[in-house]
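First the structure, which I've put down as structure tokens, then a few questions once you've had a look.
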């Protein structure tokens, strides 16, 4: 058994040690907010926070996540920054198909946690690992700035 | 899909007439407890598209899939407007698959979403749905208060009789209203009094999709469900000869390994308790393929064959005047050849489908775009009537055409696997990104050759346009009998808007085993590029401004002209231009919507950066201008990805791309600023899901031609050595 710390709760799982955290979350724990998009850390749809850092859960073996503090889209709204990001996402009507947006919200929240006033270059650097095929990028940028303003 | 012929054939059936008879049993318990609790106490459900609960919740039933294009919001806006509903109380749920009630009025009897038709075909239908529900609420209030209905007003979900100071919420009137007859002829609102249409109502799905709570096919978990991950034949036409699953079966959680075959492909599926176990085991499969009928083509060779074909006359798609004679007598003839690769849709949600194959019936959970086809194909595969197939409509994580497949390829595949595994419990088919990229159904590759004849004064007197490529419609239910020209191969070219006295558009339809499909804006993905780049070539050659040149040829095309002039004006085309910027322009109509774009390249230290796209769109009445803007932005980003790097290539029959490293798509740092301007219009609304795509690549290429002194003749730009900063 592996004990995980997910969204502030201790969770036991009998997952195989090499199973990526994404599939533990989605298939074993029923937390389906984090998405599968590529399986190779190329698209960011699976982004969660591991010890506060935006991390691609599709390539992180669950054994490596034990003892780490994991936060997912299911709980990010409980933090003031996560909440501000989600409200900004709604206000800017960011999502289209929405499949990538959990990962976008997680990456944006990590960015604002580390940098309350990101420049456009900061946003590009933090967000370019998250693909959106609906190309909602300009609204994501606007929403990050809106969230930054509400947090200021 | 682009099926203009079908649009003409479509019969505008009054589906509302039979709508009241729809039984409540049709409604699936998909969303929200509010709807369910309302259902328990007899909602007002005057038709198949709207029901109002005693809790004031207005539920709009969408016959169209929400795959990002904003349809749920747009369709609900139309109902809510005529109903005078409180927007915060409006919910949307996907309709069950029932073409007798929920057919796309542009597709005749067929239920499905495509061709940017959702708002266009639903506008009157949903106005009527909302207006008739409103009339019943008003009639109920009039009866209860014993006042004339004409003295009653409705606003934001409240029915009011001002003279007596009485009012009631919708929910308070539901029971009385439900007992009244459904009115047949209810007048529509005066558009001048619209409070939601044209006013940017917030997206109904924004919060779910910002909090990870929206349900996609990928998220479905059912009791006893197994997940299937597949290995497809590496070449199109390959079959399974034999396989060794001993290593695969040793993976913990693996329940079954089966070979499967559908009318479009064969493979081996691993079924397991969870996706990872299935994926891990799939990678351990040893499969011997029968490649005796496998396709071994190579795209570089195909391009060469296609180029040769352009030298021969093709089947005539359009002929005006005598272009051969005009070209022969022209003072000057310009020529260009354009090449376009296969493209994958690459939606964020890799293809997937959940099925439960029962005894003589089947249940499907899917981001469902093409109900009529999927019902028919699944029914045929299983040998059961389509009516025995039930489909639960879910959100789709993008589609761009891919989930609407005339062969129902991935849906039938899920069914084939469940059948091969002899499972009556649910099976979730999950394609890896690699399978999604390699399994086919691409935008076809094309080669276009164009010739323009100019007279002594430089006037454009002749135009010959030859297109070579596979037909999307051939072999599908959408092919007309004896089809000589697939309209979707030539759309955007055969209806060239420019006034040219002698014009020929010809088509060579090739037949190859590479599966092809419509891809966001279909024929216009390539015809807009060829025509709009060639027009610019002619303008540059004759030293005319490309905007002014287009205007001289569009004098009888007011809507093309309207967007062209709006985009040019907003960009400041005729004013002083920043010295470090180079601009290109393009205009194109698709799906009865008109879009012009100005691409603004800026010279920066490390090259050229696409700084901004100024976009003008005429889609008739803009039901939700914010969603129109979103679709223009999204279309531009989607088109830009393809223009920059999009290419699927074959080498000895094997697809050379598999994930976002080898098939790169647009990222945040590559997205230009986008300005969207909407032409004010009172015409009936037309679609916006696709029309933002076509002008982007030619506008960008036209700017690049100026900047680099060399026209762009092939896409993607990366293969031409062109990258942007």
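The values are calculated or read from the model by the stated rules, or taken from the named source; none is laboratory data. No experiment lies behind these values; they were computed from the predicted model shown. Positions of Cβ are generated from backbone atoms using ideal geometry, with glycine treated the same way; all protein chains shown enter the neighbour counts.
Can you name the residue in segment B:341-390 that is within 14 Å of another protein chain (Cβ to nearest Cβ) and not in a loop (DSSP other than H, G, I, E, B) and, of all such residues, is farthest from residue A:35 (Cα to Cα)?
That would be B:343.
Quick check on this structure: which one of B:237, B:267, B:165 is more than 30 Å from residue A:103 (Cβ to Cβ) and surrounded by 14 or more Cβ atoms within 10 Å (Cβ to Cβ)?
Residue meeting the stated conditions: B:237.
Pick from segment A:86-103 the residues that are outside any loop (DSSP other than H, G, I, E, B) and at the interface with chain B (Cβ under 8 Å from one of its Cβ atoms): which of them is nearest to the chain's Cα centre (by Cα)?
A:102
Do any helices (runs of 4 or more DSSP H) entirely within segment B:30-104 hold 2 or more residues that are crowded, with 24+ Cβ neighbours inside 10 Å and modelled with pLDDT of 95 or more, and if so, which?
B:71-83
Could I ask something else about it? I'm told residue B:411 meets every condition in (1) under 25 Å from the mean Cα position of the chain (by Cα); (2) within 19 Å of residue B:100 (Cα to Cα) except one. Can you identify the failing condition by its number?
(2)
Taking the criterion of being closer than 27 Å to residue B:501 by Cβ and out of contact with any strand residue (DSSP E or B) (no Cβ under 7 Å at 6 or more places or on another chain), would at least one residue in segment B:601-614 satisfy it?
no
Then there's this: Tally up the residues in segment A:71-85 that are farther than 19 Å from residue A:146 by Cα and either more than 8 Å from chain B (Cβ to nearest Cβ) or touching a strand residue (DSSP E or B) at 6+ places or on another chain (Cβ under 6 Å) (or both), please.
If we filter segment A:71-85 for residues that are farther than 19 Å from residue A:146 by Cα, which is where we start, we get A:71-75.
Okay, now just the ones that are also either more than 8 Å from chain B (Cβ to nearest Cβ) or touching a strand residue (DSSP E or B) at 6+ places or on another chain (Cβ under 6 Å) (or both), so A:71-72, A:75.
The qualifying residues number 3.
Turning to a different aspect of this structure: Would you point out which residue out of B:251, B:204 is within 24 Å of the chain's Cα centre (by Cα) and within 14 Å of chain A (Cβ to nearest Cβ)?
B:204
Filter segment A:1-32 down to the residues that are in a loop (DSSP other than H, G, I, E, B) and farther than 22 Å from residue A:45 by Cβ, then identify the one that is farthest from the other protein chains (Cβ to nearest Cβ). Working first, answer last.
Let us first name the residues in segment A:1-32 that are in a loop (DSSP other than H, G, I, E, B), namely A:1, A:7-8, A:14-19, A:29-32.
Now narrow it down to the ones that are farther than 22 Å from residue A:45 by Cβ: A:1, A:8, A:14, A:16-17.
Details: A:1: 14, A:8: 17, A:14: 10, A:16: 6, A:17: 11 Å.
My answer is A:8.
Something else: Whether any residue in segment A:126-149 is facing chain B (nearest Cβ under 8 Å), surrounded by fewer than 24 Cβ atoms within 10 Å (Cβ to Cβ) and under 16 Å from residue B:213 (Cα atoms) is what I want to check.
Among the residues of segment A:126-149, not one is facing chain B (nearest Cβ under 8 Å), surrounded by fewer than 24 Cβ atoms within 10 Å (Cβ to Cβ) and under 16 Å from residue B:213 (Cα atoms), which makes the answer no.
Being surrounded by fewer than 24 Cβ atoms within 10 Å (Cβ to Cβ), assigned to a loop (DSSP other than H, G, I, E, B) and either in contact with a helix residue (DSSP H, G or I) (Cβ under 6 Å, 6 or more places away or on another chain) or on the phi > 0 side of the Ramachandran plot (or both) is true for just one of B:711, B:694. Which residue is that?
The unique qualifying residue is B:711.
Can you find a residue that is crowded, with 23+ Cβ neighbours inside 10 Å, more than 14 Å from chain A (Cβ to nearest Cβ), in a loop (DSSP other than H, G, I, E, B) and in contact with a helix residue (DSSP H, G or I) (Cβ under 8 Å, 6 or more places away or on another chain) anywhere in segment B:407-430?
Yes: one or more hits.
If residue B:438 satisfies all but one of (1) at pLDDT 95 or above; (2) in contact with a helix residue (DSSP H, G or I) (Cβ under 9 Å, 6 or more places away or on another chain), what's the number of the condition it fails?
(2)
Hey, among B:152, B:197, which residue is at pLDDT 95 or above, over 28 Å from residue B:72 (Cβ atoms) and either crowded, with 18+ Cβ neighbours inside 10 Å or within 14 Å of chain A (Cβ to nearest Cβ) (or both)?
Being at pLDDT 95 or above, over 28 Å from residue B:72 (Cβ atoms) and either crowded, with 18+ Cβ neighbours inside 10 Å or within 14 Å of chain A (Cβ to nearest Cβ) (or both) holds for just one of B:152, B:197, which is B:152.
I'm trying to understand the selection: among the residues of segment A:104-125, which are over 19 Å from residue A:70 (Cα atoms) and in a helix (DSSP H, G or I)?
Once the filter is applied, which keeps residues that are over 19 Å from residue A:70 (Cα atoms) and in a helix (DSSP H, G or I), segment A:104-125 yields A:120, A:121, A:122, A:123, A:124, A:125.
Let me ask you something else. Against the condition modelled with pLDDT of 95 or more, surrounded by fewer than 20 Cβ atoms within 10 Å (Cβ to Cβ) and within 7 Å of chain B (Cβ to nearest Cβ), how does residue A:120 come out, does it pass?
no
Scan segment B:375-393 residue by residue and report those that are under 25 Å from residue A:134 (Cα atoms) and crowded, with 24+ Cβ neighbours inside 10 Å.
Scanning segment B:375-393 gives a single hit, B:393.
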